[in-house]
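K.L.:
My structure is below; once you've seen it, I'll send some questions.
The values are calculated or read from the model by the stated rules, or taken from the named source; none is laboratory data. Because the structure is predicted, anything quoted here is derived from the model rather than measured. Using ideal geometry, Cβ is built from the backbone for each residue, glycine included, and neighbour counts are taken over all protein chains shown. SASA here: full protein model, heavy atoms, side chains in, ligands and nucleic acids out. Shrake-Rupley method; radii C 1.70, N 1.55, O 1.52, S 1.80 Å.
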Amino acid sequence: MAGDQPTVLLVEDEPAQREVLAYNLEAEGFRVAKAENGEEGLLLVDEEAPDVIVLDWMLPSVSGIEVCRRLKMRSETRSIPVIMLSARSEEVDRVRGLETGADDYVVKPYSVVELMARVRTQLRRTRPAAIGERLEFEDIVLDAETHRVTRSDKALKLGPTEFRLLSTLMEKPGRVWSRDQLLDRVWGRDIYVDTRTVDVHVGRLRKALCQHGGADPVRTVRGAGYALG
Ligand code: CA
């Protein structure tokens with residue numbers, strides 16, 4: 001499976017709820033990592049680098065609130081959106097009052113459809129290309145739903161790897177991606193690919209982006225990696 005598939009980390013101690021949610025998230029095309037408690041959840045955040053976390057409040061030992069607080073304290077995990085699940089709306093008010101930094105709250109029993117919509121809303125912020133949005137950078141337009149890329153309104157021919165590479169770069173223009181980060185995102189963590197492969201595909205992407213003329217928008221950052229713009 002391609003590494004550009006968004007990963008949702010699900011931290012829920014009730015097996016039935018966990019499985020129903022995992023099933024629905026997978027049906028939406030997401031990769032799902034499952035944790036039964038807060039400690040496991042915190043470990044999996046580092047292992048799986050999830051794009052969004054669905055976190056139950058009531059967990060054995062380390063509570064969801066504590067997990068959220070720890071995630072929001074660390075600079076490496078702070079920007080991962082957290083959707084907190086809680087049993088009653090009064091609890092949601094309390095969680096809000098505690099300023100845990102959760103990005104959204106859903107009251108149990110929730111509708112699965114609604115929760116999926118909330119997950120997509122968070123991903124729209126953090127992984128727009130992965131959920132079929134249209135991305136623009138200068139004169140380049142990438143439509144993640146139709147897989148079409150144009151530059152100055154002219155269609156560009158791109159291979160599938162170059163397309164994923166471009167969508168990753170276009171999600172965060174200006175951000176410098178290391179070769180390892182691009183490998184994780186474009187090829188996936190489970191596949192062994194040499195970092196030189198990244199250079200080869202960046203080269204192809206550059207050629208493709210300039211096939212009808214125009215300046216090369218991909219920047220090589222010495223000793224660091226690549227950035228768009
Ligand atoms: Ca629970």
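K.L.:
Fully extended, how many nm does the chain gain between Ala117 and Asp216 (0.36 nm per residue separation, minus their Cα-Cα distance)?
P.N.:
Answer, rounded to one decimal: 31.9 nm.
K.L.:
Defining a contact as two alpha carbons under 8 Å apart and six or more residues distant in sequence, what relative contact order in percent does region 130-228 show?
P.N.:
The normalised contact order for region 130-228 reaches 25 percent.
K.L.:
Related question: So for the pair Val20, Ser89, with labels modelled 7 Å out along Cα→Cβ, what separation do we get in nm?
P.N.:
About 2.0 nm, to one decimal.
K.L.:
Now, a different point. For the chain, with all protein chains present and a 1.4 Å probe, just round the carbon and sulfur fraction of the accessible area to a whole percent.
P.N.:
The value for the chain is 50 percent carbon and sulfur by accessible area.
K.L.:
Of the candidates Met84, Met116, Met170, which one comes out as most mobile in a Gaussian network treatment of the chain with C-alpha springs shorter than 10 Å?
P.N.:
Between Met84, Met116, Met170, it is Met116 that shows the largest mean-square fluctuation.
K.L.:
Assuming a viscosity of 1.567 mPa s and a temperature of 4 °C, what translational diffusion coefficient in µm² per second does Stokes-Einstein assign to region 1-44, Rh being the Kirkwood radius over Cα pairs?
P.N.:
121 µm²/s
K.L.:
Using the heavy atoms of the protein chains and a 1.4 angstrom probe, tell me the accessible area per residue for the chain in square angstrom.
P.N.:
Roughly 50 Å² per residue, with all protein chains present.
K.L.:
Right, here's the next one. Of all DSSP beta bridges in the chain, what percent run antiparallel (nearest 5)?
P.N.:
The antiparallel proportion sits near 45 percent.
K.L.:
Filter the DSSP H helices in the chain by two things, a Kyte-Doolittle mean of at least -0.5 and an axial alpha-carbon span of 20 angstrom or more, and list the hits by number.
P.N.:
Going by DSSP H runs, the hits are 112-126, 195-209.
K.L.:
I've got another one for you. Which FRET efficiency value, to the nearest 0.05, do you get for Glu36 and Ser75 by plugging their Cβ-Cβ distance into 1/(1 + (r/R0)^6) with R0 = 30 Å?
P.N.:
Plugging the Cβ-Cβ distance into 1/(1 + (r/R0)^6) gives 0.65.
K.L.:
Sticking with this structure for a sec: How much length would be gained if the chain were fully extended between Val107 and Asp139, taking 0.36 nm per residue of separation minus their Cα-Cα distance, in nm to one decimal?
P.N.:
Contour length minus Cα-Cα distance gives 7.2 nm.
K.L.:
Suppose only helical runs count, i.e. DSSP H with n ≥ 4. What mean residue ellipticity at 222 nm does that imply for the chain under -39500 (n - 2.57) per run, divided by all residues and rounded to the nearest 500 deg cm²/dmol?
P.N.:
Taking each H run of at least 4 residues, the total per residue is -12000 deg cm²/dmol.
K.L.:
Tell me, what is the percent relative contact order of region 7-126, built from C-alpha pairs under 8 Å that lie six or more residues apart?
P.N.:
Once normalised by length, the contact order is 23 percent.
K.L.:
According to the square roots a ≥ b ≥ c of the eigenvalues of the Cα gyration tensor, what is the shape class of region 7-126, taking rounded for a/c under 1.5, prolate for a/b larger than b/c otherwise, and oblate for the remainder?
P.N.:
rounded
K.L.:
Under a point spin-label approximation (7 Å from Cα along Cα-to-Cβ), what is the Ser178-Ser152 distance to one decimal in nm?
P.N.:
3.7 nm
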